Amino acid sequence: MTINELKDVASQVRRDIIRMVHGCQSGHPGGSLGATDIVTALYFDQMQIDPKNFKMDGAGEDMFFLSNGHISPMLYSILARRGYFPVAELATFRRLGTRLQGHPTPVEGLPGIRVASGSLGQGLSVAAGVAQAKKLNGDNHLVFCLMGDGEQEEGQIWEAAMYAPAKNVDNLVAIIDYNKKQIDGSTDDVMNLGDLKAKYESFGWKVYECNGNDMQQIVDTLNITRKNAHKGQAQIVLAHTEMGMGVDFMMGTHKWHGTPPNDEQAANALSQLKETLGDY
Amino acid sequence: MKIEVQNYKDTRSGFGDGLLEAGKRNPKVVGLTADLTGSLKMGDFAKAFPERFFQVGIAEANMVGIAAGLAIGGYIPFTGTFANFSSARIYDQIRMVVAYSNKNVKICASHAGVTLGEDGATHQTLEDVGMMKMLPNMTVLVPCDYNQTKAATIAAAELDGPVYLRFGRPKVANFTPADEPFIIGKAQMIQEGTDVSIFACGHLVWKAIEALPILKEMGINAELINIHTIKPLDVDAVLKSVAKTGCVVTAEEHMRNGGLGDSIAQVLALNNPKPIEMVAVDDVFGQSGTPDELLKHYHLDTPDIVEAAKRAVARK
């Protein structure tokens, strides 16, 4: 896809996010909006996938794992828009009986979801295991894993961070949604993350940085990670993002981490986001 | 069942040998350990299938996540570490990426209970069965000797779904037939009787076997059933036995809260209330000592089963 086409998809995804959390008056719009560009680039440009024939084992495909599961509206919208399930199903988000649970789960049989996430800090371990399975299977496709930055405070992340380089898991590309905010405030105030780049480098990762809301930079960076895969080193991208990106009053604050917009706020937000693919 | 002691072996060796056999039968079987290859007797598997063995270091949470990932990729992972680190330490990880996500991961838990011995309470988990049986989708197995643990390991590989497999450290009587297949969810009749139903699991099955002749001398004809599958519980076998005997003893190397006794009591309360006596640890942590000393100290020994049976019969 061209960069402009990817931007159009991202705009529609952002509309979906606002409409989903507004519709059920529940969910996490801030982080969802911030990570939209990264995951749009993955699903619409980078990954080799077969959405119409979803396979749990992902054999012969690239695979994506969302560790910070609370930004599920973003993932659900992208999966639907990419053809994993009907777009109309987005209207069921967080409602009784839905396959679009508050946090992603494979239990309801939603195509595109392979493991539950939401209890933080666990996705990188799972992604590393999937990457190991691909190696055993002689499958040279890649495994991508998006994590939050606040999530880096979980100890298990650092168990996996130690594991992947030590065991040469070089078919794994981790991405940190580095928006420097979490529920209680800025990451600097809650728990200073220090120099994440130096930390991962010292653990043995190849570290890249990019603006995670600049589609060209995202695509360029992911292209490099794909080129450098299978070269003996685990890779990670620190994607600098803005929580709430695309909606002016949701940016520059952590207040929209887990708060839905009211009718007026939703209308305001949607007026800032171009409808490119048709609302669900 | 004909009871004949073939030798004295640790159940963890049954796991190690079962894993090797499961690995030979199915190339999808993989092993993981958190720096306890030797303690879990996984060395033979690691040697036979080095590319299918993952040493993850002392990082149990990461190990379970990696196992879930391997399961997603179509493999049948067996994680091996001490029971406490296979359960309490990583309960949320097991809950989310194994049980809730319904992944084909086998959590293999050694050194369970007080018979771990001298290491003391930090390592003597007595709560794991309770935690694991509360998780939807989880099958919980507590085999009683070397042969049965080996067979249970092979059976676990053939079951599609999460399994918690609990076993122990000390060498104990190996008495079940070597060729007996392990049927998950099917209780094992050890000896039929008419006066009291003894339901036991793990190491305490042998202690209950030792109680049988003592009870017989007292005129109590006890029925002994090995509940090697705590979940799904063989409710039919329990009710059938109780309908005949009218009273129950449970015996386990576990906390009374949450253990086998709890499960049996629930079945009785809901279906056919009868007197029940529980041989289990009564809401205290363990301590250092030899396995035999500890079994005696915490009233998990043969005389305790005898006394419990007498009390149960008297309450009829």
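The values are calculated or read from the model by the stated rules, or taken from the named source; none is laboratory data. If you're wondering where the values come from, they're calculated on a predicted model, not measured in any experiment. Reconstructed Cβ throughout: ideal geometry from the backbone, glycine too, with neighbour counts over all protein chains shown.
Worth pointing out:
- Of the residues B:LYS150, B:LYS103, the single one that is touching a residue at least 60 places away in the same chain (Cβ under 8 Å), out of contact with any Ser or Thr (no Cβ under 7 Å at 6 or more places or on another chain) and closer than 26 Å to B:ALA22 by Cα is B:LYS150.
- When B:ILE305, B:ILE230 are checked against the criterion of being crowded, with 24+ Cβ neighbours inside 10 Å, touching a residue at least 12 places away in the same chain (Cβ under 8 Å) and either assigned to a helix (DSSP H, G or I) or on the phi > 0 side of the Ramachandran plot (or both), a single residue qualifies: B:ILE305.
Yes or no, residue by residue, for (1) small (Gly, Ala, Ser); (2) more than 14 Å from the chain's Cα centre (by Cα):
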position: B:GLY202; (1), (2): yes, no
position: B:ALA208; (1), (2): yes, yes
position: B:PRO213; (1), (2): no, yes
position: B:GLU217; (1), (2): no, yes
position: B:LEU224; (1), (2): no, yes
position: B:LYS231; (1), (2): no, no
position: B:VAL242; (1), (2): no, yes
position: B:GLY246; (1), (2): yes, yes
position: B:GLU253; (1), (2): no, no
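- Selection count where residues are under 19 Å from the mean Cα position of the chain (by Cα) and part of a loop (DSSP other than H, G, I, E, B), scope the stretch B:265-282: 1
- Exclusive hit being assigned to a loop (DSSP other than H, G, I, E, B), of a type outside the set (A, V, I, L, M, F, W, C) and either assigned by TED's automatic domain parsing to the domain that holds B:ALA157 or in contact with a strand residue (DSSP E or B) (Cβ under 8 Å, 6 or more places away or on another chain) (or both), set B:GLY57, B:GLY31, B:GLY16: B:GLY57
- Checking A:ALA198 against (1) surrounded by fewer than 17 Cβ atoms within 10 Å (Cβ to Cβ); (2) in contact with a Gly (Cβ under 6 Å, 6 or more places away or on another chain); (3) not in a loop (DSSP other than H, G, I, E, B), the condition it does not meet: (2)
- Candidate set from the stretch A:226-256 (those that are touching a strand residue (DSSP E or B) at 6+ places or on another chain (Cβ under 7 Å) and farther than 30 Å from A:GLN132 by Cβ); member that is surrounded by the fewest Cβ atoms within 10 Å (Cβ to Cβ): A:HIS254
- Subset tally (residues that are buried (at least 19 other Cβ atoms within 10 Å of the Cβ), among the small types (Gly, Ala, Ser) and more than 7 Å from chain B (Cβ to nearest Cβ)) for the stretch A:98-126: 5
- Here A:CYS210 meets each of (1) assigned to a helix (DSSP H, G or I); (2) crowded, with 17+ Cβ neighbours inside 10 Å; (3) of a type in the set (A, V, I, L, M, F, W, C) with one exception, condition (1).
- Scanning the stretch A:160-195 for residues that are in a loop (DSSP other than H, G, I, E, B) and in contact with a Leu (Cβ under 9 Å, 6 or more places away or on another chain) yields A:ASN171, A:LYS180.
- Qualifying residue in the stretch B:39-51 (condition: of a type in the set (A, V, I, L, M, F, W, C), within 11 Å of chain A (Cβ to nearest Cβ) and without any contact (Cβ under 8 Å) to a residue 60 or more places away in the chain): yes
- Residue list for the stretch A:130-156, restricted to those being surrounded by 22 or more Cβ atoms within 10 Å (Cβ to Cβ), touching a strand residue (DSSP E or B) at 6+ places or on another chain (Cβ under 8 Å), within 9 Å of chain B (Cβ to nearest Cβ) and part of a helix (DSSP H, G or I): A:VAL130, A:ALA131, A:GLN132, A:LYS134
- In this structure, B:TYR91 does not satisfy being away from every other protein chain (no Cβ under 14 Å), surrounded by fewer than 24 Cβ atoms within 10 Å (Cβ to Cβ) and under 21 Å from the mean Cα position of the chain (by Cα).
- Test: residue in the stretch B:128-137 that is in contact (Cβ under 8 Å) with a residue 12 or more places away in the chain, acidic (Asp, Glu) and under 27 Å from B:VAL5 (Cβ atoms): no
- Condition check for B:ASN257 on (1) more than 15 Å from B:MET131 (Cα to Cα); (2) within 20 Å of the chain's Cα centre (by Cα): one failure, at (1).
- When residues of the stretch B:55-75 are limited to those that are of a type in the set (A, V, I, L, M) and more than 7 Å from chain A (Cβ to nearest Cβ), the one farthest from A:ALA127 (Cα to Cα): B:ILE58
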